[in-house]
Amino acid sequence: MGEYHNTQLGKETQYQNQYDPKLLFPIERASARSGEVPKAFEFFGNDAWTAYELSWLNLSGKPVVAVARFNFPCNSKYVIESKSFKLYLNSLIQSKFASKFDVIDRLASDLSRCCGEAITIDIYDLKEYEEAFKIREPDGTCIDSLDIEVTQYEPSKSLIEFDSTTQISELLYSHLLKTNCPVTNQPDWASVYIDYSGPKISMDSLLKYIISYRLHQDFHEVCVEKIFYDLYTVVNPSKLTVFAKYTRRGGLDISPCRSTELEPELRKMRQVRQ
């Protein structure tokens, strides 16, 4: 596990039911990136986490259940190790709060301090979440039905091809992204969306490139940054946004977004596996 030996990843865990912000474990983004993307390379975006197993007590001692959305800026000094995040959220289950806004204040304070940047949080009751985040896909083209032959299962930007004579704006997506945790080697499943303007990307080559991550080990955020970097440096689009919606594990899912746009569009949607 290398530098992550102090985390709870891959270890048997005793869940706590008393609030404890010391459970949060920060990991330096620069360390997690491990040279996949040059330090000087600039992009914008965020990491959107969704917690489906959030609960606390109201002042009468009655449990409240909710869904929370956390937005971490992609330039924060630290990311929060996912298992520590789950343990921290679970530690709220026997804590009393007057309202969800008090919960938001507490979470925002702890998480902002841990990651080194101010984060935003929204908490929804189940009906609110159902209405706000419908299961749907954005207007675009799913490339998964393409009949291709695949032989490579480690990523290489040499797989990416494009037509420099054709300029286009389009959104392409695939549900075939699979990566692996660099610490536990557990599989991570995701849908990935590429919204760009510029030379037309070959759909066959893009699908081969996405599938090539199948045996690759890296954190969600780093995989999306590598996809963004490879597409940007090979194709040289005038605009590019890459976002991935990973399936949940332990009640948490992560949707990293990296973009050339200062404020990329954050779609209120769920992929069917979320």
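Checking the Cα-Cα distances for Lys77/Lys239; Lys86/Lys200; Lys83/Lys268; Lys83/Lys226; Lys86/Lys208; Lys22/Lys157 against a 29 Å cut-off, the pairs over it are Lys86/Lys200; Lys86/Lys208; Lys22/Lys157.
When the charge dipole of the chain is built from unit charges on Cβ atoms (+1 for Lys and Arg, -1 for Asp and Glu) and taken about the Cα centre, the candidate among Ile80, Ala98, Gln217 whose Cα reaches farthest toward its positive end is Ala98. In sequence order, the stretch 61-69 has phi-based couplings of x, 8, x, 10, 10, 7, 10, 10, 10 Hz under the Karplus curve 6.51 cos²θ - 1.76 cosθ + 1.60, θ = phi - 60°, and Gly or Pro positions carry x. Taking amide H positions as modeled 1.01 Å from N, with prolines and chain starts lacking one, the residues under 5 Å from Thr120 and 5 or more places away or on another chain are Asn71. Going by the alpha-carbon gyration tensor, a ≥ b ≥ c the square roots of its eigenvalues, is the stretch 123-184 rounded (a/c under 1.5) or, if a/c is not under 1.5, prolate (a/b greater than b/c) versus oblate? Cα axes put the stretch 123-184 in the oblate bin.
Cys223 sits among other residues whose Cβ lies under 13 Å from its own Cβ, and their net charge, with Lys and Arg +1 and Asp and Glu -1, is -2.
Between the residues Val272, Ser60, Leu177, the greatest Cα displacement towards the positive end of the dipole of the chain, with unit charges on the Cβ of Lys, Arg, Asp and Glu, is found for Ser60. Note: relative contact order over the stretch 137-270, using C-alpha pairs below 8 Å and six or more positions apart, is 27 percent.
Across the stretch 138-145, coupling constants 3J(HN,Hα) worked out from phi with the 6.51/-1.76/1.60 Karplus curve, θ = phi - 60°, read x, 5, x, 10, 7, 9, 5, 7 Hz, and Gly and Pro carry x.
Just so you know, all these numbers are worked out from the coordinates, no wet-lab data involved. If you're wondering where the values come from, they're calculated on a predicted model, not measured in any experiment. Cβ: placed from backbone, ideal geometry, glycine included. Neighbour counts: every protein chain shown.
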